[in-house]
Structure formats: structure tokens, C-alpha cells
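S.K.: Sharing a structure below in C-alpha cells format, with a few things to ask.
The values are calculated or read from the model by the stated rules, or taken from the named source; none is laboratory data. This is a predicted model, so every value here is computed, not measured. Backbone-built Cβ (ideal geometry, glycine too); neighbour counts: all protein chains shown. Side chains included, ligands, DNA and RNA excluded: accessible areas come from the protein's heavy atoms. Shrake-Rupley method; radii C 1.70, N 1.55, O 1.52, S 1.80 Å.
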Amino acid sequence: MRALKLATAVAAAVLLLGAASPRAPELGFQLVEGQNLNAFVREGQVAAHLLLRSGKDPRVLVAFPAGNSGVGVWFAPLDSAAVWTLDHAPIPLSSADGLMHGIKAVASIDAARLVPKQAVLSNVRYLRDYQAVGRFPSEVGAQAQIGSDTIRYARKRIDGAPGYDLALRVIDGKIEGESIVAGRGGRIRIEIIALTGDAALTPLPLNHLLNARAAPDPAARRALAFLSYREKFLAGSWRFNTYFGRDTLMSVRLLMPALQPAAVEAGLGSVFARLSDGGEVAHEEGIGEFAVLQNRNGGGSGDGAELDYGMIDDDYMLAPIVGDYLEAGGRHRATAFLASTVESAARPGAQSSVGSLLVRNLRFVLKQAAPFADAPSFKTLVAIKPGRMSGEWRDSDEGLGRGIYAYDVNAALVPAALAAADRLYRSGQLGAYLTAEDRAAFERAGAMAATWQAKAPPLFRVTITPPDAANAIKAYAATLDVPSAAAVAALGRAPLSFHALSIDAGGKPVPIVNSDEGFALLFTRPTPADLDRDVAALMRPFPAGLMTNAGLLVANPAFAGRAAQARFTPGAYHGAVVWSWQQALLAAGIERQLGRQDLPVPVRTRLIAAQTALWRVIGATRGLQSSELWSWRYASGRYQPVAFGAGKADVDESNAAQLWSTVYLAVRPPVAATGPRKSR
């Protein structure tokens, strides 16, 4: 009787959307990345990402942009690797009462037995934590309900709101105790039903998202569409299906040539809606059941968003990116956008104009930048926040090499924010939003920008003699079992010079070659000599620089010693790996610099050569462009891309659809030219 009741409950709980119509959903696509088979669907109230993990540690997971929620079940390790097949792609479902929305799919796996180890139904942050460290709050646990052919996990949200439901109905095979056992064909075939009760977002339709300049790349267009909503852009699925400030800002900036104005303003508006009272940009939002639990733990109640302001780089991205948009859109659109209002994410109902919020951020920028402008020293640079090991896009604990002053923030973003403040002030566009005190402060912005641009980058300069550089390259290459001859040959006779990843608390540069030079190229105007030298440092073959057949690495610790090398491996999240958007950032930066009129012919020639080489490796890994990041292996005389998370040493896994990896819709290979180029 219990089994019959369970099967009846599952059947009654859901209603197939569009059951009378066989038409395809508005958006549906699949991606395979390493051992992860990913299927996406969006239709009406439903947006969902189904992940089927193959290998020896299989799992079924469904993530929803609604509330950044998800459901997943992890199975006990198998003796041998098994492979999932998606027999029927996800189709949209709603509960009979219309309070929950999700998907139904059918999948099979060539495993003799699956033993559910743990199910997690809640906010994706808790699923992410369980995947990474094997823990989640006890309050959000769900017990299995086992019937004759169905294993179901279901519960309400802890505040009583409609919650989460995951049901696995066995089609081929049987349930034996608490296990699913294969049928005669040696395969297990299951129907997956997954639902969430969190509120759906409002999609930005593709025909309202991109303009005619966008690249005709179906995969990138689909990924961007799945991540784009009127309320916000999502950073990436499955692991970051919600707002992240930095991801939104960099994606909007790089995509700007290909986005329609409404899409740009939706992205920027989401950032302004989450600005702190002091003008800081929110890094991440905690919503849904995560917010409910956090509020309870803090003595409060409700599901109001928890906003994290722990990062510092996004604070200095906002002004230059808004400035670029206002300058490109013309005076009328700029005036209208600044006068438009957004609702506070922290205080629903509270409205502020974009212009007043932009000035709030610029007040913060000017205040933070003043100490260095008055007395340039490493001690007056902008540090990450006390007690933290991260504070910018390399936001794993080891991402900055244990430094506290990040190169990208201090040498590129702060000068760019100050320059934007100066341009916006002198354009008169901010006049209606400034006080008399503001005007006095803004008068200094141009001079402050000049001081930062001239004095900050040299503090990060690392110079190594050719013999010392060659010895370090050879020793490091031996630890990775990769060749060093080409890297050593690329050094030439001049000392090796590059900008450090960061500076530590004692003022010592952390000598890791890094891809953050792209920020300087996109947002500032280096001298021709610095531009020539710094791009050359990146473009040397690894492990002298960052170039490999698998892509441009984001970090090379060859000159930082054995301890740092052990932390910046090809299995580390911000180690010797390839991030798709960092390649796009450098490509966009080089294109912008080539728009200058003051570059000597030899510098321009070398910059074009670097651009050509960069686009060659970007093209070679085109199939991975929408992924968050990837690693590599050296085999058959080449660096070959490997999905991040596929190896046991990898500390995490990549998102199959990543917002800032879709920027190649706007960042595109240049048409060959010999003269100055118009920057994007």
C-alpha cells in the first residue's frame, strides 16, 4: 500500500506543460563537459539544468535559476566507471497546484547497481558545499521515500514555503532494498522528476538580448540566453545560478558591442540595485532557502537577500564600464539611463536613480584612492579586506599567492575608475546628482588617476636575470614533465620582466606570471614600452610565459619557488589552468590598444603577432569556450585541454554554461589590417 501511495503521489504532483502540444520548448540544448552530461531547458515558468555525472562517483543533479535552488542525489562509489545516457531530454513540468515548477527526463546508465548515498534539496550553495566538502546544514536534509519502483525525496522549505521534490522512477531494473539494480540488459533506466517552489525569473528573450553585431555562434547564444533575465544575469550553471557583481560587470563590458541597450541596462541595473549604502558593489547574493537559514541564524526572519561585499575589484569596475556605456550610447540615452530608477534588493520598495547610485560608488572610489594619491607607497595601495585571503576574481584562498595587494585592482581598475570619474564629471552628466562637497572631490579625480597610473604598476614589477630565469624554467618544467627548450629560447638576452600577481603585506611582489595584464590593456593606457614588454611576458611559451596549445594559462608559478608551485597546479581553481573569459579579456584589450595612434611600428607589429597567436589558441579550443575553465595534459608533444574536475587532483568542477565565457559573441577575431584600428 505504501508503494502504491508513493507512486500515486508522484504522478499526481506534476502536470506536463503543453502536454497537448509536441512543440519544442523555447530553449533546450545539451553540453558534454568531461564526465558531466548537461541538459538545459527553459519554457514559461521553468528554467532548469540537469547534470548527469558519469564515472565512478555518479550523481543526478538539477539546478534552477529560481531561487538559485536545486535538487541532487549522490550515489555510492562504483567499482568501475559507468556512463549516463540521456534517453529523453528534459521537458517542463508544473505541479498540479501551480506552486512548483521543474522538469521530467529519462536517463540510463550502464551500472549494475546504484546505491543512493546522499540527497540534498535546497539552495544550490548547499549542493555546492556538499559536492566540495561533503557537508550541508542538517535543517535542509531530506529522507528517502522508497516505493516499489520509485525513490523520492521531497520537503517544504524550512519557512513553510513550497519546497523541493526529486523522484527517480525505475523503468528498466528494480528497487532492491535501498538500491536500484539493473535489469536483464545490464542497464538502469530511470525517469527523473525534479521540482522547485522558488519564484521563477523573467527571461530576456534572445531577440531582445543581442544585436546584429553578435557572432552567429549557436552554443554561446543558447548559454547566454539561459543565463539572462530581466532581474539579473546569472554567473554560471550549475554552481552559480544567481547574481555575482564582478561576473555581471565584466560580461556586460565585454559583450557590450553585441548587446541591445535594454540588456546592458538590465545587467548594470542589477548591480546598482545591490549597491551598499557606502557605495560598494555586492559580490554575491544569498537568496531562497540559504537566505532564510542565514537570517534565522542571525536572529532575524524572512528570505530577504543576504548581500556579500567581501570582494574589492567589482567596486572599481562599475564606473569605467558605466562610463563606456554612456559614452557609446549618446547623450540622450545616457541622460535617460542615469535618471531611471532601480529598486533596492536589500530594501524592497526603496527606489533610487541610477545617477545618484553611480555618484555613491564614485564617492567610495575617491575616498579609497586618496591615500595613495597623496603618498604613493605599497602601504597605501588598496588591500583586500582584513582577515581574507582573496578579494578579486581569483577568489580561491590561494588565488593571489598569499598577497594582499592585487595587481589587477591597483594597477588597472583603480586608475580606470578614477579616470572614469573625471570624464563623467567633466562631461556634465553627473551634475544633477552632485553636492558642492562632491564637486570639490571630483575636481581631483584626474590628477589622482594620473598618479595611480604612473606610480602603482612599477611597484609590481619583477625583473629576473636570464640565467636565473632559465634555471627556474628548467626546474619547474621537470616537475610537470613538460619540455623547457622553447620556453628558455624565448627569453632572449634581456632580463625577464613582468608584473607580479600581487604584493604581500611586507611589500614583496609575488612573482607569478599572470593573465591580469588584460585588465590594464582593456581599461588603461600603458606606455608603448610597457605595453610591448608586458604583452611579450604573457605570450612566451609556458613555462616562461602563459601560452600553450590548450590556451592561455591564468598563472605560471615557475619563478615563485616550490611551495607556490605546489599551490598553483593544473588542478588548482586559479592555478596553471585556462579560464575562457581571461583569454577574451586579453583579446579585447589588445584590440583596444591597437586602436591607439601613438604606437611605434615595431610595437604595433609585435602586438598584432601576439593577437594572432592568441586567437589561434582560442580557435583551437572553441568547443570549450562556454565553459568556466579547463585544465590540460601534455601528450604527443602538445598541451591538450582536459575538462576541469575530471581529474582526482582537481579541487572543484567547472560550470558548463558560464556567463563571462559567452563574451566571444562580441569579442571576435579581427580582420587583418596594418594601420591603427578602431577600438571596441
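S.K.: With every protein chain left in place, what is the accessible area per residue of region 100-178 in square angstrom, probe 1.4 Å?
M.R.: Numbers: 3230 Å² over 79 residues.
Per residue, region 100-178 has 41 Å² of solvent-accessible surface.
S.K.: Note down the net charge around R388, summing +1 for each Lys or Arg and -1 for each Asp or Glu among other residues with Cβ under 13 Å from its Cβ. Write down the numbers at each step before the final one.
M.R.: Working: positive: K385, R394, R402; negative: D308, D313, E392, D395, D397, E398.
Charge balance near R388 sits at -3.
S.K.: Let me ask something additional. Counting heavy atoms of the protein chains only and a 1.4 Å probe, report the per residue accessible area for region 311-389 as a whole number of Å². Don't skip to the end; give the middle numbers.
M.R.: On the way: 3340 Å² over 79 residues.
Spelled out: the 1.4 Å probe surface of region 311-389, per residue, equals 42 Å².
S.K.: Using only the Cα atoms, what convex hull volume per residue in Å³ does region 168-252 have?
M.R.: Numbers: hull volume 14.1 nm³, N = 85.
Output value, Cα hull per residue: 166 Å³.
S.K.: Once each part is reduced to its C-alpha centroid, what is the distance from region 223-263 to region 45-62 in angstrom?
M.R.: Their Cα centres are 22 Å away from one another.
S.K.: Moving to a separate point now. Output the Cα-based Rg and Dmax of region 394-448 in Å, rounding Rg to one decimal and Dmax to a whole number.
M.R.: 15.5, 44
S.K.: Kirkwood hydrodynamic radius, computed over distinct alpha-carbon pairs, for region 295-443: how many Å, to one decimal?
M.R.: Details: mean 1/r = 0.0583 Å⁻¹.
So the Kirkwood estimate lands at 17.2 Å.
S.K.: Of all trypsin sites (Lys or Arg not before Pro) in region 155-215, which ones are in loop regions per DSSP and have a Cβ with at most 14 other Cβ atoms within 10 Å?
M.R.: On the way: sites: R155, K156, R157, R169, K174, R184, R187, R189, R213; in loops: K156, R157, R184, R187, R213.
When the trypsin sites (Lys or Arg not before Pro) of region 155-215 are filtered for loop state and at most 14 Cβ neighbours within 10 Å, K156, R184, R213 remain.
S.K.: Please compute the contact order of region 194-289 in relative form: average sequence separation of alpha-carbon pairs under 8 Å and at least six residues apart, divided by the residue count, as a percent. Please report the intermediate quantities before stating the final value.
M.R.: Values: 106 pairs, mean separation 27.2, N = 96.
With pairs under 8 Å counted, the relative contact order is 28 percent.
S.K.: OK, next. Just need the relative contact order of region 382-496 here, percent rounded to a whole number, with Cα pairs under 8 Å and 6+ apart. Before the final figure, lay out each step's value.
M.R.: Details: 90 pairs, mean separation 23.5, N = 115.
It comes to 20 percent, rounded to a whole number.
S.K.: Would you list, by chain and number, the aspartates and glutamates whose Cα falls below 14 Å from the Cα of K104, excluding same-chain residues fewer than 8 positions away?
M.R.: E43, D87, D165, E191
S.K.: Give me the percent relative contact order of the chain, please, defined on Cα pairs under 8 angstrom at least 6 residues apart.
M.R.: Details: 1478 pairs, mean separation 71.4, N = 680.
The value is 10 percent.
S.K.: Using the per-residue mean of other Cβ atoms lying within 10 Å as a proxy for protection, in what order, highest first, do the peptides 310-320, 556-566 fall? All intermediate terms of the calculation are to be shown ahead of the outcome.
M.R.: On the way: 310-320: 25.6, 556-566: 20.1.
Descending packing order for the listed peptides: 310-320, 556-566.
S.K.: Follow-up question, since we're still on this one. Report, to the nearest whole %, how much of the accessible area of the chain belongs to carbon and sulfur atoms, 1.4 Å probe, protein only. Numbers along the way, then the final one.
M.R.: Numbers: 13480 of 25250 Å².
Percent of accessible area from carbon and sulfur atoms in the chain: 53.
S.K.: Sticking with this one: Ignoring solvent entirely, what values of log10 I(q)/I(0) come out of the Debye formula for the chain at 0.05, 0.09 Å⁻¹ when each Cα is a single scatterer?
M.R.: -0.24, -0.78
S.K.: How many Å² of accessible area per residue for region 447-538, probe 1.4 Å? Please report the intermediate quantities before stating the final value.
M.R.: Values: 3620 Å² over 92 residues.
For region 447-538, the solvent-accessible area averages 39 Å² per residue.
S.K.: What ratio of Cα Rg to 2.2 N^0.38 Å holds for region 461-510? Before the final figure, lay out each step's value.
M.R.: Working: Rg = 12.4 Å, N = 50, 2.2 N^0.38 = 9.7 Å.
Taking the Cα Rg and dividing by 2.2 N^0.38 Å, one obtains 1.28.
S.K.: Right, something else. Among F226, L546, A421, pick out the residue whose Cα is farthest towards the positive end of the charge dipole of the chain, where Lys and Arg carry +1 and Asp and Glu carry -1 on C-beta, about the Cα centre.
M.R.: L546
S.K.: Follow-up. Normalise the Cα radius of gyration of region 197-311 by 2.2 N^0.38 Å (N = residues in it) and let me know the number. Could the numbers behind the result be given before it?
M.R.: Details: Rg = 15.2 Å, N = 115, 2.2 N^0.38 = 13.4 Å.
Its radius of gyration relative to the 2.2 N^0.38 Å reference: 1.14.
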